[in-house]
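The values are calculated or read from the model by the stated rules, or taken from the named source; none is laboratory data. No experiment lies behind these values; they were computed from the predicted model shown. Virtual Cβ from ideal backbone geometry, glycine too; neighbours counted across all protein chains shown. The protein model used for the area step is the full one, side chains on, heavy atoms only, and it has no ligands, DNA or RNA in it. Shrake-Rupley method; radii C 1.70, N 1.55, O 1.52, S 1.80 Å.
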Amino acid sequence: MRGCDVLILDTGLGSAENQARVKELLHVEESRLEEDEGNTTPAVRWVRDDKYDCIRLKHCKVVTKIDWHRKGDYFTTVVPSDILIMNFSCTYF
């Protein structure tokens, strides 16, 4: 977590098969606003970060807390001001 950004990184752990799956999951297209959303700013955008070879979740406000589900299949980020809670589900993390 870094300010308004949350980085999802590859730790390099696991078998070759697990590593191949992680690399596949970390390869995402940048999220884009749908045409019918007008000029609204999304609460979060998924962005490919080539510097760290990861996914960068760019939130509209500073992230104050991250919680992982005990099974590890999703996490929640919390930002201040109206306490927006965003849930992101991942199938393998």
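Here are the numbers for this structure:
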{"item": "Hz values of 3J(HN,Hα) by residue in the stretch 66-76 - Karplus curve (6.51, -1.76, 1.60), Gly and Pro given as x", "result": "10, 10, 9, 5, 4, 7, x, 9, 7, 9, 10"}
{"item": "Thr64, Thr11, ranked by accessible area, largest first (probe 1.4 Å)", "result": "Thr11, Thr64"}
{"item": "15 Å cut-off, amide nitrogen to a point 7 angstrom out along Leu13 Cα→Cβ, residues in the stretch 43-73", "result": "68-73"}
{"item": "Computed E for Trp68/Thr41 - FRET, C-beta separation, R0 30 angstrom, nearest 0.05", "result": "0.70"}
{"item": "Cys54 long-range amide H proximity, modeled H, under 5 Å", "result": "Asp49"}
